1. Check off (1) buried (at least 19 other Cβ atoms within 10 Å of the Cβ); (2) under 23 Å from the mean Cα position of the chain (by Cα); (3) not aromatic (Phe, Trp, Tyr) for residue 77 and give me the number that stays unchecked.
2. Please state which of the following conditions residue 107 fails to meet, knowing it meets all the rest: (1) at pLDDT 90 or above; (2) in contact with a His (Cβ under 7 Å, 6 or more places away or on another chain); (3) among the hydrophobic types (A, V, I, L, M, F, W, C).
3. For the range 202-275, which fully contained strands (runs of 3 or more DSSP E) count at least 1 residues that are over 17 Å from residue 190 (Cα atoms) and more than 23 Å from the chain's Cα centre (by Cα)?
4. Quick one: what pairs do we get from the range 253-273, first residue at positive phi, second of a type in the set (S, T, N, Q), C-beta under 6 Å, 6+ apart or different chains?
5. Which residue is nearest to the chain's Cα centre (by Cα), if the candidates are limited to the range 125-169 and must be small (Gly, Ala, Ser) and not in a strand (DSSP E or B)?
6. Go through the residues of the range 278-301 one by one and say whether even a single one is over 17 Å from the mean Cα position of the chain (by Cα), over 22 Å from residue 164 (Cα atoms) and in contact (Cβ under 8 Å) with a residue 12 or more places away in the chain.
7. Report, ordered by the first and then the second residue, all pairs with beta carbons closer than 6 Å, sequence separation of six or more or different chains, a first member in the range 121-141 that is assigned by TED's automatic domain parsing to the domain that holds residue 290, and a second member that is among the aromatic types (Phe, Trp, Tyr) and crowded, with 18+ Cβ neighbours inside 10 Å.
Amino acid sequence: MNGILDFRRLRYFLAIADCGSISAAARLLNVAQPALSYHMSEMERLLGQPLFDRSREGVRLTEAGGALRRYAREIIDKVDEAETALQGLTRKRKTTRRIRIAVISSLAADLVPILLETMARECPDVILRISEGGTREIEQKLERNETDLAVYLTSTHRPGEQPLATEQLYFLAPAAEGPENETITLREVVRNRLVLPASGNPLRSFVETAVRQNGLSLDIVLEIDGWRSRQSAVLKGIGCTILGAHSVATENLEGLVAREIVSPRLFRPIYHGVRRDLDPELAASMTTVLKSALRALGLHAPRNG
């Protein structure tokens, strides 16, 4: 058993568990993916049982992995607290605070660098720990007090929750079906065979509500949660899809055309949640930073109504 609770490996393990994949954790930690895979394999070898179930979609904690995660989180949080206390003794004139932020995966890759740059300028005394995941996973982190702030897509009606920004939605089709940058009405959108995420997905729920409010209905031929898999389905001619402005601006849409949805234009909200007992002053300053970072991504200010 000696060596399993190596502190560096515990940090690697938690990053993989939080991100849901070794590749995402490698990017977050700036560590080579083969190195992470090796350390996890060594932990599992020493333990004598797997910590993760691996699949093409990513990794999922086993029973043993779930148990280790609880202990590892407590161990690392205690070490972080000790580091902060010791830093306070040697740097009395400057208080270091640590903030955990969970961000939806669709925004994380582009938002995190801007967020770090903004934090260095606006809140240099705050050290960030950032994780990414789906909306449901992030909501659960807030409920379990495993994150201090969160950016997600579906309102949970939690105290302190507020819309930080909105993202306009676009219709995506094969390039042969129309010129780039052409607008399309919602009524025209629903005449197409659509590839959308499964029921319960935030994008699917938002689109269904907008369609229902306008007295229309959807023709869904395939359900796929992953954006890139939906993109492949559109390229193969299976159907068309709907995506956010951020994906239009950052993804390679070769062979596809994105059209602005109008009549009505659709803006889905991006929400901000705060841990119940987070210091109000710190929460307010972090909210300002998050709003600034989202504006830098080209997202819209919150909309009324």
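The values are calculated or read from the model by the stated rules, or taken from the named source; none is laboratory data. Small disclaimer: the values here were computed from a predicted structure and weren't measured. Positions of Cβ are backbone-derived with ideal geometry, glycine not excepted, and every protein chain shown enters the neighbour counts.
1. (1)
2. For residue 107, the failing item is (1).
3. Values: elements: 219-223, 241-244, 256-262, 267-274.
Correct list: 256-262.
4. 263/185
5. Top of the filtered list is 134.
6. For the range 278-301, residues over 17 Å from the mean Cα position of the chain (by Cα), over 22 Å from residue 164 (Cα atoms) and in contact (Cβ under 8 Å) with a residue 12 or more places away in the chain: absent.
7. 135/152; 138/152
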